[in-house]
Amino acid sequence: MKRDRLEIIFDILNSIREKTGIVLQTHILYKSNLSHQMLVEYVGELIEKGFILENEDKKGKKNYELTKKGYNYLNDYQVIRGFVDSYGLN
Amino acid sequence: MSLAYLSPLWFFGYDVALEFLFAVVALMVSIFAFRIYKKTNQGQVKLFGISFSFISMSYFIQSFFNFLIVSEVNAHVCSALKIQSIQMFDAAGLYFHMILMTIGLAVLAYMTIKSEKIRILWMMIALSLFGIFLSASRLYVFFLFSTIFLILLEWHFITNYLQNKQKKTLFIAIAFLLMLFGNIHFLVSVNHQLFYVIGHVLELIAYLLILSNFYLVLKK
């Protein structure tokens, strides 16, 4: 079954949480099962909306960190899912 | 033509309480939708919250003006404003209710068509409001537009139930079906006093179903 936007966001954020909150983009790509272009779009949106932060290490490699808003989304996902599904808001 | 004169005498007061209850339930759903929007930034959830805010306001206003009509406060306010009759309250309550409810249902119907062209929403609101207020039979046309919007909504909620067969989706599909029946009943009924009572009872069941869905969503 095709995943909707909410589920894809959950998968991306969850892939970061599983790795104690900070990961490289390749890890998200592997775990979220998205094309590179789709991932770039989703990550850009999640940064813009404050769910994740983009950092750079000393070698210039980008990593991604879950914010408080991102953790809240994951914790409330079942409630969000229930509400959105009941009214067909996806 | 007004709603207050449609109400049977024995139902005065009960209608005020029921409308207040509908307003509170709609407000709860609206606040919850905005909280979900804050977490997800989903445009549809925002529209849903806005629509239920308008629906809630429409019931609060209807309840408030109906309360003024049936309560003793009415005499004091009439005297203070030098109004000879309660007709002004009745008309004001009715018009505010029609405007807010029409906007609420139009936003909700727009949400279901999943269009990103906001001009469609403005057109839906403008057409329905002009249609109502330029008509000789405003209340009738109001129920006609509400019925059209509710048919669109019911279509959406039944499709949603068929795609996602859960108790929650079923409750919402039935709730909007009952609201639709209430509207259709008015359009075809001869005894409008009976409609007023039946309409309120159907809405009560509908809002209780929405409340039950709310409980199911919050129950993890």
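The values are calculated or read from the model by the stated rules, or taken from the named source; none is laboratory data. These figures come from a predicted structure and were not determined experimentally. Heads up, the Cβs are rebuilt from the backbone with ideal geometry, glycines too, and the neighbour counts pull from every protein chain shown.
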inquiry  = Restricting to segment B:29-49, name every residue that is more than 21 Å from A:F51 (Cβ to Cβ) and surrounded by fewer than 19 Cβ atoms within 10 Å (Cβ to Cβ).
reply    = B:I31
ask   = Any idea how many residues of segment B:30-69 are more than 14 Å from chain A (Cβ to nearest Cβ) and of a type outside the set (G, A, S)?
value = 12
inquiry  = Against the conditions (1) out of contact with any Lys or Arg (no Cβ under 9 Å at 6 or more places or on another chain); (2) farther than 30 Å from B:I158 by Cβ; (3) in a loop (DSSP other than H, G, I, E, B), where does A:L89 fall short? Just the number, please.
reply    = (2)
query = Can you find a residue in segment B:187-205 that is buried (at least 18 other Cβ atoms within 10 Å of the Cβ), over 18 Å from B:P8 (Cα atoms) and touching a helix residue (DSSP H, G or I) at 6+ places or on another chain (Cβ under 6 Å)?
reply = no
Selection count where residues are of a type in the set (K, R) and in contact with a Gly (Cβ under 6 Å, 6 or more places away or on another chain), scope segment B:161-220 = 0
message = Looking at B:T147, B:T102, can you tell me which residue is surrounded by fewer than 22 Cβ atoms within 10 Å (Cβ to Cβ) and touching a residue at least 24 places away in the same chain (Cβ under 8 Å)?
response = B:T147
ask   = Which condition breaks for B:V24 when tested against (1) β-branched (V, I, T); (2) at pLDDT below 85; (3) closer than 30 Å to A:L6 by Cα?
value = (2)
remark   = Out of (1) over 30 Å from A:R81 (Cβ atoms); (2) in contact with an Asp or Glu (Cβ under 6 Å, 6 or more places away or on another chain), the one B:D90 does not meet is (2)
Counted residues, segment A:4-40 - those being out of contact with any strand residue (DSSP E or B) (no Cβ under 9 Å at 6 or more places or on another chain) and within 14 Å of chain B (Cβ to nearest Cβ) = 7
message = Go through segment B:130-167 and report how many residues are more than 16 Å from B:L178 (Cβ to Cβ) and of a type in the set (F, W, Y).
response = 5
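Evaluate the following for A:I8: is it under 30 Å from B:S212 (Cα atoms), hydrophobic (A, V, I, L, M, F, W, C) and free of Cβ contacts under 8 Å to residues at least 40 places away in the same chain?
Yes.
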